[in-house]
Amino acid sequence: DTAVSQTPKYLVTQMGNDKSIKCEQNLGHDTMYWYKQDSKKFLKIMFSYNNKELIINETVPNRFSPKSPDKAHLNLHINSLELGDSAVYFCASSQPLGRGGEQFFGPGTRLTVL
Amino acid sequence: GEDVEQSLFLSVREGDSSVINCTYTDSSSTYLYWYKQEPGAGLQLLTYIFSNMDMKQDQRLTVLLNKKDKHLSLRIADTQTGDSAIYFCAGRNSGGYQKVTFGTGTKLQVIP
C-alpha cells in the first residue's frame with residue numbers, strides 16, 4: 001500500500017533514556033515533516049525536510065535530532081527523554097504545491113515517558 | 001507566526017448540518033485546508049481551498065472563505081455518526097518554504 005508508515009506505534013520508556021522513531025513514505029514526495037500532538041490535541045510542527053535538507057526547525061530542544069538518510073525516510077532521535085516529551089508524534093509528507101500541497105500523515109507514535 | 005483558532009467542541013444531531021469555524025491571522029495564506037482525525041489515527045485531508053476562491057463544494061462538504069475577515073468554515077450536510085472526529089483547519093503561508101500551521105482542532109460529536 002502507498003502510505004506514510006511509522007515505527008513503533010507505541011513507545012513506553014523511562015526518563016533519561018534515548019529513543020528513535022522511524023518514518024518512511026513511498027509516495028515519492030520530496031518534503032517530510034515531524035509534528036508533535038499533545039494531550040489537548042494541539043498539533044505543532046517540529047521539523048521539515050525537503051529532499052533530505054532541513055528547511056523548518058521550530059523551537060525544539062536540541063535533544064531532538066531528525067535525520068533524513070534519503071528523501072523517503074525521516075527519523076527522529078530523542079536524547080535524555082523528559083516527562084514533557086510524552087505525546088503522539090506524527091510523521092507526514094506532502095505533495096508539491098502545484099498539486100495543492102496536501103499532507104499525508106502517518107498513524108502516529110504514542111510516546112509515554114515514565 | 002500565524003495563529004489559527006477554532007472552537008474546541010461542537011455537538012449536533014445525526015441528520016443535521018454541522019458548521020465548524022476557523023479564524024486565521026496570516027492574510028497571505030495561500031492554501032487553507034480541512035483535515036479530519038479519527039481516534040487513534042493520523043490526520044486525513046478532507047478538502048482544501050485556494051485563497052482566490054470564496055467557496056468550494058465537495059459532496060456533503062462546503063467550504064466558505066471570507067478573506068476580509070480571515071474566516072474559514074466547513075459545513076457538513078446530513079451529518080452522520082461516522083463524522084464524529086476532530087477537525088483541524090490549517091493554513092499554508094506564502095513564505096519561502098510555506099509552512100503549514102494547524103488550528104487547535106474542533107471535536108465534533110454526532111448524537112444518534
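Taking segment B:10-49 as the search range and keeping residues that are out of contact with any Leu (no Cβ under 8 Å at 6 or more places or on another chain) and hydrophobic (A, V, I, L, M, F, W, C), which one is nearest to B:Asp78 (Cα to Cα)?
Looking at residues that are out of contact with any Leu (no Cβ under 8 Å at 6 or more places or on another chain) and hydrophobic (A, V, I, L, M, F, W, C), I get B:Leu45.
Looking at (1) within 14 Å of another protein chain (Cβ to nearest Cβ); (2) modelled with pLDDT of 95 or more; (3) over 17 Å from B:Thr104 (Cα atoms), which is the only condition B:Ser17 fails?
Evaluating B:Ser17 over (1) within 14 Å of another protein chain (Cβ to nearest Cβ); (2) modelled with pLDDT of 95 or more; (3) over 17 Å from B:Thr104 (Cα atoms) leaves (1) as the failure.
Cβ contacts < 6 Å: first residue farther than 11 Å from B:Lys99 by Cα and within 11 Å of chain B (Cβ to nearest Cβ), restricted to segment A:45-61; second residue open to solvent by 50 Å² or more (accessible area, probe 1.4 Å) and outside any strand (DSSP E or B), any location; separation 6+ or different chain. Result?
A:Asn50/A:Asp30
Got a sec? Which strands (runs of 3 or more DSSP E) wholly within segment A:26-90 have at least 3 residues that are more than 28 Å from B:Ile86 (Cα to Cα) and not charged (D, E, K, R)?
In segment A:26-90, the matching strands (runs of 3 or more DSSP E) lie at A:64-70.
Which of the residues that make up segment B:24-57 are in a strand (DSSP E or B), in contact (Cβ under 8 Å) with a residue 12 or more places away in the chain and either in contact with a helix residue (DSSP H, G or I) (Cβ under 6 Å, 6 or more places away or on another chain) or open to solvent by 60 Å² or more (accessible area, probe 1.4 Å) (or both)? Lay out the reasoning, then the answer.
The first filter runs over segment B:24-57 and keeps only residues in a strand (DSSP E or B), leaving B:24, B:31-37, B:43-50, B:55-57.
Okay, now just the ones that are also in contact (Cβ under 8 Å) with a residue 12 or more places away in the chain, so B:24, B:31-37, B:43, B:45-50.
B:Tyr48, B:Phe50 - these are the residues of segment B:24-57 that are in a strand (DSSP E or B), in contact (Cβ under 8 Å) with a residue 12 or more places away in the chain and either in contact with a helix residue (DSSP H, G or I) (Cβ under 6 Å, 6 or more places away or on another chain) or open to solvent by 60 Å² or more (accessible area, probe 1.4 Å) (or both).
Please verify whether segment B:2-18 includes one or more residues that are touching a strand residue (DSSP E or B) at 6+ places or on another chain (Cβ under 8 Å) and free of Cβ contacts under 8 Å to residues at least 60 places away in the same chain.
No: zero hits.
The values are calculated or read from the model by the stated rules, or taken from the named source; none is laboratory data. It should be emphasised that the depicted structure is a prediction, and the values quoted were computed from it without experimental measurement. Positions of Cβ are backbone-derived with ideal geometry, glycine not excepted, and every protein chain shown enters the neighbour counts. Ligands, DNA and RNA are stripped out before the accessible areas are found, and what is left, the full protein with its side chains, is counted by its heavy atoms. Shrake-Rupley method; radii C 1.70, N 1.55, O 1.52, S 1.80 Å.
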